[in-house]
Amino acid sequence: MSQEKWFNKKQNTYVEYKGRKNKLDNSNKKFVDFCKMSQKQLKNFLIMWLSEYGYGSDIIIGNGYIYAKGNIPICLTAHMDTVHKELVKDTYEYKDNRGHYIISSPQGIGGDDRCGCYMIAQIIKKGYKPYD
């Protein structure tokens with residue numbers, strides 16, 4: 001397993017990244033694709049995704065948000081923005097000692113809610129149409 005160090009300006013220290021650089025297990029590639037998109041690209045992608053999965057005219061698009069009304073009485077919410085100044089270029093992937101994949105990036109993956117966007121997309125892909 002390779003290790004690489006990146007300088008973190010905010011913490012004024014070096015951070016080690018371990019694992020395979022820019023080589024992903026196929027099951028993780030789609031998630032990383034979500035992380036690599038700009039906010040505008042992600043919004044456009046999600047609008048297209050929702051249309052493809054049957055929301056059609058039930059999509060309300062506003063300045064900075066998308067609302068899609070489905071038929072299951074639950075609200076799923078996630079935000080598309082991220083605090084990172086750079087888009088993801090490099091990713092590192094490795095399995096921990098429990099067999100879980102760890103994905104990281106020196107540019108930040110937006111994991112606080114790119115994960116949420118991705119998970120909602122996966123729920124919709126399974127055929128569920130949540131709403132509030």
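The values are calculated or read from the model by the stated rules, or taken from the named source; none is laboratory data. What you see is a predicted model; the values in this text were computed from it and never measured. A quick note on method: Cβ atoms are made from the backbone with ideal geometry, for glycine too, and the neighbour counts reach across all protein chains shown. Calculation scope for accessible area: heavy atoms of the full protein, side chains included, ligands and nucleic acids excluded. Shrake-Rupley method; radii C 1.70, N 1.55, O 1.52, S 1.80 Å.
Between residue 112 and residue 90, the modelled labels are 2.4 nm apart [label points 7 Å from Cα along Cα→Cβ].
For every other residue with a beta carbon closer than 14 angstrom to the beta carbon of residue 38, add +1 if it is Lys or Arg and -1 if Asp or Glu, then tell me the sum. Write out the running numbers ahead of the final one.
Numbers: positive: 36, 40, 43, 85, 89, 114; negative: 33, 81, 86.
Net local charge, residue 38 excluded: +3.
The phi-based Karplus calculation (6.51 cos²θ - 1.76 cosθ + 1.60; θ = phi - 60°) puts the 3J(HN,Hα) values of the range 58-64 at 7, 9, 10, 10, x, 6, x Hz, whole numbers, x for Gly and Pro. The listed residues 16, 93, once ranked by accessible area (1.4 Å probe) with the largest placed first, stand as 16, 93. Computing FRET efficiency as 1/(1 + (r/R0)^6) for residue 126 and residue 65, where r is the C-beta to C-beta distance and R0 is 30 Å, gives about 0.85. Quick one: among 22, 12, 44, which has the greatest mean-square fluctuation in a GNM of the chain with alpha-carbon springs under 10 angstrom? Comparing 22, 12, 44 in the GNM, the peak value goes to 12.
The fraction of Cα-Cα pairs per 5 angstrom bin, counted from 0 for the chain, comes to 2, 9, 18, 20, 17, 13, 10, 6, 4, 1 percent, rounded to whole percents. Which residues in the range 18-32 have a backbone N closer than 11 Å to a point placed 7 Å from the Cα of residue 78 along the Cα-to-Cβ line? Those under the cut-off are 31-32.
Going by accessible surface with a 1.4 Å probe and the largest first, 98, 20 read 98, 20. Pairs from the table (89/129; 43/89; 89/125; 23/129; 18/125; 36/125) lying more than 30 angstrom apart at Cα are 89/129; 23/129; 18/125. For a quick check of your reading of the filter: which chymotrypsin sites (Phe, Trp or Tyr not before Pro) in the range 50-132 sit in a DSSP loop and have no more than 16 other Cβ atoms within 10 Å? Those satisfying the criteria are 128. In sequence order, the range 24-32 has phi-based couplings of 10, 4, 3, 5, 9, 4, 5, 5, 5 Hz under the Karplus curve 6.51 cos²θ - 1.76 cosθ + 1.60, θ = phi - 60°, and Gly or Pro positions carry x.
Scalar couplings 3J(HN,Hα) for the range 72-89, obtained by applying the Karplus form with A = 6.51, B = -1.76, C = 1.60 to θ = phi - 60°, are 10, x, 8, 9, 10, 9, 7, 10, 9, 7, 9, 7, 6, 7, 10, 6, 5, 10 Hz; x denotes Gly and Pro. Using a Gaussian network model of the chain in which every pair of alpha carbons under 10 angstrom is joined by a spring, one finds that among 122, 39, 107 the greatest mean-square fluctuation is at 122. Computed with a 1.4 Å probe on the full set of protein chains, the accessible area for residue 77 sits at about 120 Å².
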